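Asks: Here it is: the structure, laid out below.
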Amino acid sequence: MNELESVKVNGLVRVRAITAFLSLSKDDFQCTKKYGETMNNNTSSLRSKVLNATKVLHAVRDALVIQGNYEVQTIRIATNRFGEYFQSELLECQLSELDSTLEKAQIDFFSVGPAITIDEIDSCPIIVSKSHRFSCSAEMRSGDDVTFAKKTAECMKIISQLGNKMKGDHVKEGLGNFRFCATACCKDFTPFFPAAKGPSLKNITIDTIPFSIGLENGKLANQLLELTSSIDKISTCFKKGMADALMPIQTICKSISSHTNKSIPQCAYMGIDTSLNPSLDENGSIAEAMEKIKTIKKFGGPGTIAVAAEITKSLKDLPGIDKVGYCGLMLPVCEDVRLASLASSRDIDTTRLVGISSVCGVGLDTVPVPDCDIESLMSLILDVSSLSYRYGKSLSCRLLICPGAKEGDKAEFNSPYMCDCKIFDI
């Protein structure tokens with residue numbers, strides 16, 4: 001695998017996200033309730049927690065850029081579930097305080113964790129609408145919880161319509177759902193949004209800031225799978241190539257985790273989400289990369305599940321790499337040019353994508369769907385959550401509802417992070 005010796009220089013791997021994890025409590029906010037009025041509590045520790053997390057993120061980013069010559073695209077913060085620190089009667093005040101704190105710290109990506117109750121789901125449209133910085137999710141409690149799935153679908157519908165009620169690029173044309181999803185069996189320290197979350201307050205034992213790494217590695221996947229060529233070599237050629245490519249990133253992260261620099265808060269490297277994650281660049285598609293294996297003539301056709309299973313098995317067992325998150329194949333339709341093309345020609349649909357998820361993850365991601373009824377959305381959420389709980393897999397369901405659109409229409413998001421795609425039939 002000599003071709004991979006200069007992988008970072010060649011730009012085949014980018015760091016999509018360095019995500020730090022905080023555990024917040026109600027007492028961290030200046031907003032308190034006293035005598036029926038919102039007061040300021042000057043003992044707030046929110047700013048200091050965000051500042052410390054930011055110092056860690058900057059240290060990791062600088063090390064990856066300077067020592068490894070990696071491109072780092074984003075630094076992010078995720079927290080424990082928001083029900084442990086947001087108060088419904090003070091939500092607007094707390095969100096304003098948090099947004100202001102993040103603006104000063106120059107943090108543009110912040111996940112407040114999942115809603116785990118029906119009542120908490122009601123807060124999600126407010127969270128998404130408040131700022132472009134905020135992401136959140138709804139954590140399915142089982143594979144057959146119809147009530148929770150329906151409430152989550154209603155939430156997606158409300159978020160899709162936010163652009164009709166308020167101004168802001170972060171909610172126009174249904175884009176608010178880019179920052180909201182349903183999750184199932186997703187574990188702590190997943191670096192990718194909107195599913196990212198930190199541990200519950202009750203599970204915190206030491207005052208250390210954990211962090212993990214998410215990648216953009218579609219170009220690497222294309223090169224490795226072209227070199228691999230045959231499905232029976234995925235467990236050897238592909239697996240070794242991936243491990244060799246990621247080890248330098250881990251080495252740098254571990255050096256920061258064990259630092260003795262007093263200006264950097266104590267931190268802990270949790271691992272890398274080894275998932276294959278596409279880019280919109282040429283040769284950045286994961287679907288196209290899989291088609292480099294001779295078993296597959298066209299992604300979605302015969303052989304796709306077999307190849308997906310072998311790749312995922314390797315990603316979950318990379319020697320020497322500490323792993324977090326999904327560790328599977330990311331197939332975000334509107335972030336993968338080949339997938340979008342196959343969707344537009346009706347060569348893939350939601351049923352086929354869910355079927356592939358049975359062996360590889362990550363669920364349904366950035367799938368453009370029509371302005372449909374709640375029951376149809378609910379059914380897709382239940383498909384994903386049922387699969388997740390049946391096999392104990394981390395899966396999520398992020399649907400981009402296109403207001404006023406119908407199946408077969410073209411979804412145009414005018415976003416540098418997504419490509420156009422025909423709307424799925426559900």
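Asks: Calculate the translational D of region 105-176 in whole µm² s⁻¹ from Stokes-Einstein, where the hydrodynamic radius comes from the Kirkwood formula applied to all Cα pairs, the temperature is 37 °C and the viscosity 0.692 mPa s.
Replies: Taking Rh from Cα pairs, D becomes 258 µm²/s.
Asks: Using a probe of 1.4 angstrom, how much of the accessible area of the chain is carbon and sulfur, in percent?
Replies: Carbon plus sulfur share of accessible area: 48 percent.
Asks: Net charge near residue 411, counting Lys/Arg +1 and Asp/Glu -1 over other residues with Cβ under 12 Å of its Cβ?
Replies: Once all neighbours under 12 Å are counted, the net charge is -3.
Asks: Moving to a separate point now. To the nearest 20 debye, what charge dipole does region 270-426 have about its Cα centre, counting +1 at the Cβ of each Lys and Arg and -1 at the Cβ of each Asp and Glu?
Replies: Magnitude of the dipole: close to 580 debye.
Asks: Follow-up. Using all alpha carbons of region 307-420, what is the percent of pairwise distances in each 5 Å bin, ordered from the shortest bin to the longest?
Replies: 2, 11, 20, 23, 19, 13, 7, 3, 1, 0
Asks: Still on this structure: Choose one answer from 189, 211, 29: the residue with the largest mean-square fluctuation in a GNM of the chain with alpha-carbon springs under 10 Å.
Replies: 29
Asks: What is the local net charge at residue 302, summed over the other residues whose Cβ is closer than 13 Å to its Cβ (Lys, Arg +1; Asp, Glu -1)?
Replies: Once positives and negatives cancel, what remains is +2.
Asks: Then there's this: In a Gaussian network model over the chain where Cα atoms closer than 10 Å are linked, find which of 333, 367, 72 has the largest mean-square fluctuation.
Replies: With Cα springs under 10 Å in the chain, the top fluctuation among 333, 367, 72 is at 72.
Asks: In a Gaussian network model over the chain where Cα atoms closer than 10 Å are linked, find which of 365, 145, 383 has the largest mean-square fluctuation.
Replies: For the chain, modelled as a Gaussian network with Cα springs under 10 Å, the answer is 145.
Asks: Which label belongs to the value computed from this structure, given these candidates for Cα extents along the principal axes in Å: [x] 70, 55, 37; [y] 72, 62, 41; [z] 94, 52, 47?
Replies: Given [x] 70, 55, 37; [y] 72, 62, 41; [z] 94, 52, 47, the structure-derived one carries the label [x].
Asks: Continuing with the same structure: Taking a probe of 1.4 Å, how large is the accessible area per residue of the chain, in Å²?
Replies: Roughly 40 Å² per residue, with all protein chains present.
Asks: Going through region 133-175, which GluC sites (Glu not before Pro) have at most 11 other Cβ atoms within 10 Å and a DSSP loop state?
Replies: none
Asks: A further question on this structure: When DSSP beta bridges are limited to those with both residues in the chain, what percentage is antiparallel, rounded to the nearest 5?
Replies: Bridges in the chain that DSSP calls antiparallel: roughly 35 percent.
Asks: So, one more: According to the square roots a ≥ b ≥ c of the eigenvalues of the Cα gyration tensor, what is the shape class of region 142-191, taking rounded for a/c under 1.5, prolate for a/b larger than b/c otherwise, and oblate for the remainder?
Replies: oblate
Asks: Moving on. If you take every residue apart from residue 384 with its C-beta less than 13 Å away from the C-beta of residue 384, what net charge results, scoring Lys and Arg +1 and Asp and Glu -1?
Replies: Net charge in that neighbourhood comes out at -2.
Asks: Here are some pairs, 55/197; 130/202; 157/410; 49/187; 239/422; 254/294; which of them have Cα atoms lying more than 31 Å apart in this structure?
Replies: 239/422; 254/294
The values are calculated or read from the model by the stated rules, or taken from the named source; none is laboratory data. Remember, it's a predicted structure, so these values are computed and weren't measured experimentally. Positions of Cβ are backbone-derived with ideal geometry, glycine not excepted, and every protein chain shown enters the neighbour counts. Calculation scope for accessible area: heavy atoms of the full protein, side chains included, ligands and nucleic acids excluded. Shrake-Rupley method; radii C 1.70, N 1.55, O 1.52, S 1.80 Å.
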